[in-house]
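Laboratory data are not the source of any read-out in this text; all were calculated from the coordinates shown. Since the structure is predicted, the reported quantities are computational estimates derived from the model, not experimental observations. Cβ placement follows ideal geometry from the backbone for every residue including glycine, while neighbour counts extend to all protein chains displayed.
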Amino acid sequence: MKILVTGAAGFIGSNFVYYYLSRYPERTIIGLDNLSYAGNLENLSLLSPDQKARFVFEKADITDTVQIKKILSKYPVDGIINFAAETHVDRSIHDPQVFLKTNILGTHVLLDAAKTIWHTKEGGWEDGKKFLQVSTDEVYGTLGPSGYFTETTPLDPHSPYSASKASADLVVKAYHDTYGMPVNITRCSNNYGPWQFPEKLIPLLIQNALLHREIPVYGDGKQIRDWLYVGDHCRAIDLVYESGKTGETYNIGGNNERENIVIIKKILVLLQDMTGDPHINDNLISYVKDRLGHDRRYAIDASKIKRDLHWEHKVPFDEGIERTVRWYLDHREWMANVISGEYTKFYEKNY
Ligand code: NAD
């Protein structure tokens, strides 16, 4: 069995590649990524020789119809898991266009190319095919102090990023409702773990703290996010891909709501303990003007995937966050290569 994983050089995509190739020793992944600033093939440098033999990389852009059709014809894959996206909310506020292009049109290019190949002459679909769209809880908008997002919560995105992800979800749904395409959508809460690009909260704060740089905190820092270890997200995606009911959407979350400022302070304590550096402390925190349209609280009701697919998160937050901080400390060269831009040469040197 062979699947196409787009965004394979990104944070969750690369974690998924490791997870999937070790979970299924007979299967192959075609990993596709355009190696945007967030795509780093060094994320996949720890694949074992056996895993490497079952991983093929294609540098391609999901908005390029010709490239995508060529790749799908070259590799007759059983399914597609679409992680590829522009993902940084701040960037989407400053430059929305590339978000709309990649996240909406790119998703459509993938759907349409798959439809061309998987649709049978009789109007049905080849057996066993599936398109899984990796989406986010941000499509639901923001919550007050109580309540949870369920799969039937109306979409109410606020940032250009979340609007583009919500739009992509609707295009995926349309391909199911109109053509009967076998699809699933997953909507997960905030992930943390290894290989995350250091513009995102946790790796950014670790990097700044180690250099004794200011740690910018938006507004009062009391925005609430529901945090999930990336490995638990990967397991959930696998489960939905294997067993999710066609056409269904599944929320994924770990019932782990935390204020951003609580996470930041916790990581500073862990870093000080692990490095013994007394300069890593709360004095580094600098409150800055809040992000435009900043959602206040996200919280996921994941009871559907728990009930129907028997998924549970396995990694408790305290354990996961400690593991994550340790990982970044142990992979400072990886981090340094990202910061210096050296990582962009990895493709030329190794492929
Ligand atoms: P990321 O930014 O680390 O990775 C995205 C990857 O997509 C990068 O490798 C990038 O190079 C690639 N990419 C971007 N544009 C492309 C294009 N036009 N063609 C091909 N590849 C392209 O993001 P991530 O955090 O790994 O997120 C992966 C997916 O999961 C996204 O769809 C995101 O919306 C979703 N998601 C993320 C989180 C989270 O907390 N990080 C939570 C829920 C859902």
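One table, with the values for the structure above:
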| quantity | calculated |
| --- | --- |
| Some residue of segment 111-130 being within 12 Å of the ligand (Cβ to nearest atom), assigned to a strand (DSSP E or B), within 22 Å of the chain's Cα centre (by Cα) and crowded, with 16+ Cβ neighbours inside 10 Å | no |
| Residues located in segment 171-214, provided they are under 13 Å from residue 111 (Cβ atoms) and in a loop (DSSP other than H, G, I, E, B) | 180, 181, 182 |
| Looking only at segment 27-62, and only at residues there that are loosely packed, with under 15 Cβ neighbours inside 10 Å and either assigned to a loop (DSSP other than H, G, I, E, B) or among the hydroxyl-bearing types (Ser, Thr, Tyr) (or both), the one that is nearest to the ligand (Cβ to nearest atom) | 37 |
| Residue count, segment 187-211 (criterion: over 15 Å from residue 339 (Cβ atoms) and out of contact with any strand residue (DSSP E or B) (no Cβ under 9 Å at 6 or more places or on another chain)) | 1 |
| Residue that is nearest to residue 71 (Cα to Cα), among those in segment 1-15 that are in a loop (DSSP other than H, G, I, E, B) and within 6 Å of the ligand (Cβ to nearest atom) | 7 |
| Which listed residue is of a type in the set (Val, Ile, Thr) and either in a strand (DSSP E or B) or more than 16 Å from the ligand (Cβ to nearest atom) (or both), from 134, 77 | 134 |
| Some residue of segment 331-341 being touching a strand residue (DSSP E or B) at 6+ places or on another chain (Cβ under 9 Å), closer than 30 Å to residue 59 by Cβ, surrounded by 13 or more Cβ atoms within 10 Å (Cβ to Cβ) and among the aromatic types (Phe, Trp, Tyr) | no |
| Residue that is surrounded by the most Cβ atoms within 10 Å (Cβ to Cβ) [pool: residues in segment 85-110 that are over 18 Å from the mean Cα position of the chain (by Cα) and part of a loop (DSSP other than H, G, I, E, B)] | 96 |
| Close pairs (9 angstrom Cβ cut-off, 6 or more residues apart or separate chains): touching a residue at least 60 places away in the same chain (Cβ under 8 Å) in segment 280-297, of a type in the set (Ser, Thr, Tyr) and part of a helix (DSSP H, G or I) anywhere | 295/162 |
